[in-house]
Amino acid sequence: MKVGIVDTTFSRVDMGRIAEKTLRDELPNAVIIRYTVPGIKDIPVAAKKLLEEKGCEAVITLGWVGKTITDKISYGVASMALQLVQILTNKHIVDVTVHEDEADNPSVLRDIAIDRVTKHSKNLALLLRKGGEGLRPYAGKGLRQGHKDVGPLES
Amino acid sequence: MKVGIVDTTFSRVDMGRIAEKTLRDELPNAVIIRYTVPGIKDIPVAAKKLLEEKGCEAVITLGWVGKTITDKISYGVASMALQLVQILTNKHIVDVTVHEDEADNPSVLRDIAIDRVTKHSKNLALLLRKGGEGLRPYAGKGLRQGHKDVGPLES
Amino acid sequence: MKVGIVDTTFSRVDMGRIAEKTLRDELPNAVIIRYTVPGIKDIPVAAKKLLEEKGCEAVITLGWVGKTITDKISYGVASMALQLVQILTNKHIVDVTVHEDEADNPSVLRDIAIDRVTKHSKNLALLLRKGGEGLRPYAGKGLRQGHKDVGPLES
Amino acid sequence: MKVGIVDTTFSRVDMGRIAEKTLRDELPNAVIIRYTVPGIKDIPVAAKKLLEEKGCEAVITLGWVGKTITDKISYGVASMALQLVQILTNKHIVDVTVHEDEADNPSVLRDIAIDRVTKHSKNLALLLRKGGEGLRPYAGKGLRQGHKDVGPLES
Amino acid sequence: MKVGIVDTTFSRVDMGRIAEKTLRDELPNAVIIRYTVPGIKDIPVAAKKLLEEKGCEAVITLGWVGKTITDKISYGVASMALQLVQILTNKHIVDVTVHEDEADNPSVLRDIAIDRVTKHSKNLALLLRKGGEGLRPYAGKGLRQGHKDVGPLES
């Protein structure tokens, strides 16, 4: 099985390396194919090429998003395009993004990125190994990526 | 007849369980197929796979949306993708979402989720049993899911 | 000729009834097919089914939109999906919506809804009877639906 | 060669007449086909029908956009749909819009409309006569439609 | 190999000239094909024509975006359309935009444009020469176009 990783040179954390390491641990027999692009708007076509031209079964994409309104629009555009690629291919793309407005402290932002990429890489591995049943035990459990889980709302 | 349910691990209420129970009551002969994903952006491809690969006649999706502008953008992206899946398949997907800015009180938010999922599961069952005529008696009646009905505006 | 009407149970005015009555007056030989759904996000696939599965020549859709930012996003999503249906079918869908932020007074809001649905039903009838030439005498005339016409800007 | 014009009854300036006159001056041998619709959300399917059913080589669309957030969303939806039509047909649609928030003074708004439609009709004629090379001498020149050109930024 | 450049007459900097010069330096054997359009909403179909009708392997597009909310919506629309073109063709389009709200000082804005076009032209050349591996050494390095690189977040 081949799994793709798309990351960017815009990102301030080497999220591709973290995703690659986690996916190798979780899916030891998988072939990992990486693709690095400048920024988030370059990600969707790269993901589509990994799925269609390289034969990947699924892709994890690692975007880094600035603070301005223009950055937020670009985020929406890139994420919508990733939806289109998933719909056209019937394959999962886990669309991970870290937003610079999530924390003022660079070290906190870095920790968010590491936690988010690690957990979402595991999510993707579980989807690949067990399909729609793999995450079923955690349905409604208030899991979070980038932060601690918040848990379910008590009745 | 097969009916699909997509829910998430991000949600703080186990909406999939409520939908499954309600659909079993409303459509006792239907086969219910569930699919759990991490978050709302993972829902549309899961819904498409349930319709195309699992043979579902319709799907109910159960999203939980955070409070930030990024969350709102992600909501728009995921909902637009669910529109595309419906348009490509000519099948209904009832796109249920609970937004964390709907209530500060966790218990109120939980009640909103339960009410909304229950009512929309019944809506989907009615669409499946009677098509576009099933909800006709309630057209313009100001029905609400998550809250009490507000009723029609009097002349 | 068949013409479709999609309305919702969320609406607080029975706009489907008004559209049906107006279309029957304007197009006495047309067959009117109605389809009622829960809310605006359920409208586009219903419109597509009316065009493709029921053989409608055109559709009028009647949405009611709440006041929150989430409602506005849902409006954009539903309207975009209605554009896609039109583009895929090359048929007109007149996408009528009433927004709760248009008036605080319920009676005013109701009057807006009635006026808008009536006028847009007539617009659709004219497009069906005369194509792109039917509304030509009114081009640039500042017509409004839901309110009185504002007229052209004088030089 | 056939060229299409789509205008609306919502507009407060008869932009279709201005576009038709300008296109006749610029492309004396072209056949001009007009299509009038109620508002901006009705424009894209009309443009597609002109390109596909009437054999137009290109279209200019003339939208008038209100001041509310709902109007802005509708603008985004209609413009996105016009992008889809262009992408599906590989033909240019010059998407001209006048926004009521561009000027408080009606006479100024009218002048903006006239200037913008005239200049964009000439732009379309140039694209049709000379393709991607026709506007090359003006690349980066800070041309504006609706207002005076602002010119390039000096070094 | 053919590479396309789309620029606009709306831009206040002749970005097409800068991109052409940089691409000629980076890809001396490539044939550069240019296409000038009025504004950003005219870019996507031009890019698609360059890819499909002129046989380009990739395209760089050079948009200039005004300060108003309407301009921001138009940016989102044009960028989304560029995503669609990339997804339909499986080819890269590097979507470069300069926004007038990035700097009040015209000279600073001009410097942003020059830096951004130059660096992104080099990015495109690298993607064309080496595919998804070419930018790998810079993954997560906090590169910026239009400004100095900000570098990775230290642990």
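The values are calculated or read from the model by the stated rules, or taken from the named source; none is laboratory data. Source: prediction; values computed, not measured. Note that each Cβ is placed from the backbone with ideal geometry, even for glycine, and that neighbours are counted across all protein chains shown.
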(request) Scan segment B:82-100 and give yes if some residue there is assigned to a helix (DSSP H, G or I), more than 10 Å from chain C (Cβ to nearest Cβ), surrounded by fewer than 21 Cβ atoms within 10 Å (Cβ to Cβ) and in contact (Cβ under 8 Å) with a residue 40 or more places away in the chain, otherwise no. (result) no
(message) Just to check your reading of the model, which residue among B:K119, B:K72, B:K54, B:K67 is in contact (Cβ under 8 Å) with a residue 40 or more places away in the chain and basic (K, R)?
(response) B:K54
(request) For A:N105, work out the one condition from (1) more than 14 Å from A:I18 (Cα to Cα); (2) touching a residue at least 12 places away in the same chain (Cβ under 8 Å) it doesn't fulfil. (result) (2)
(message) Take the conditions surrounded by fewer than 24 Cβ atoms within 10 Å (Cβ to Cβ) and modelled with pLDDT of 95 or more and apply them to C:H147. Does it pass?
(response) yes
(message) Just to be sure before I move on: is D:G55 more than 12 Å from chain C (Cβ to nearest Cβ) and either more than 22 Å from C:T70 (Cα to Cα) or β-branched (V, I, T) (or both) in the structure I sent?
(response) yes
(request) Would you mind stating whether D:R116 is more than 11 Å from chain E (Cβ to nearest Cβ) and either within 19 Å of E:G63 (Cβ to Cβ) or part of a helix (DSSP H, G or I) (or both)? (result) no
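Please state which one of C:G76, C:G142, C:G132 is on the phi > 0 side of the Ramachandran plot and either at the interface with chain D (Cβ under 10 Å from one of its Cβ atoms) or in a loop (DSSP other than H, G, I, E, B) (or both).
Going through C:G76, C:G142, C:G132 in turn, just one is on the phi > 0 side of the Ramachandran plot and either at the interface with chain D (Cβ under 10 Å from one of its Cβ atoms) or in a loop (DSSP other than H, G, I, E, B) (or both): C:G142.
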(message) Given the condition surrounded by fewer than 24 Cβ atoms within 10 Å (Cβ to Cβ), at pLDDT 95 or above and touching a Lys or Arg at 6+ places or on another chain (Cβ under 6 Å), answer yes or no: does some residue in segment C:107-119 qualify?
(response) no
(request) Can you give me the number of residues within segment A:53-73 that are more than 17 Å from A:T9 (Cβ to Cβ) and assigned to a helix (DSSP H, G or I)? (result) 4
(request) From the list B:T70, B:T9, pick out the single residue that is within 7 Å of chain A (Cβ to nearest Cβ) and either touching a Ser or Thr at 6+ places or on another chain (Cβ under 7 Å) or at pLDDT below 95 (or both). (result) B:T9
(message) Just checking, does segment C:129-144 include any residue being in contact (Cβ under 8 Å) with a residue 24 or more places away in the chain, within 13 Å of the chain's Cα centre (by Cα) and surrounded by fewer than 23 Cβ atoms within 10 Å (Cβ to Cβ)?
(response) no
(message) I'd like the residue in segment A:2-33 that is among the aliphatic types (A, V, I, L, M) and part of a strand (DSSP E or B) and, out of all such residues, is surrounded by the most Cβ atoms within 10 Å (Cβ to Cβ).
(response) A:V6
(request) For residues that are of a type in the set (A, V, I, L, M, F, W, C) and in contact with a Lys or Arg (Cβ under 8 Å, 6 or more places away or on another chain), tally how many sit in segment E:25-49. (result) 6
(request) Answer yes if at least one residue in segment A:57-68 is polar (S, T, N, Q), under 30 Å from E:L82 (Cα atoms) and out of contact with any helix residue (DSSP H, G or I) (no Cβ under 7 Å at 6 or more places or on another chain), and no otherwise. (result) yes
(request) Look at segment D:34-52 and say how many of its residues are assigned to a strand (DSSP E or B), crowded, with 22+ Cβ neighbours inside 10 Å and out of contact with any His (no Cβ under 9 Å at 6 or more places or on another chain). (result) 2
(message) Quick check on B:P152: is it surrounded by fewer than 19 Cβ atoms within 10 Å (Cβ to Cβ), at pLDDT 95 or above, within 21 Å of C:K67 (Cα to Cα) and within 12 Å of chain C (Cβ to nearest Cβ)?
(response) yes
(message) Restricting to segment C:64-103, count the residues that are among the small types (G, A, S) and touching a Leu at 6+ places or on another chain (Cβ under 9 Å).
(response) 2
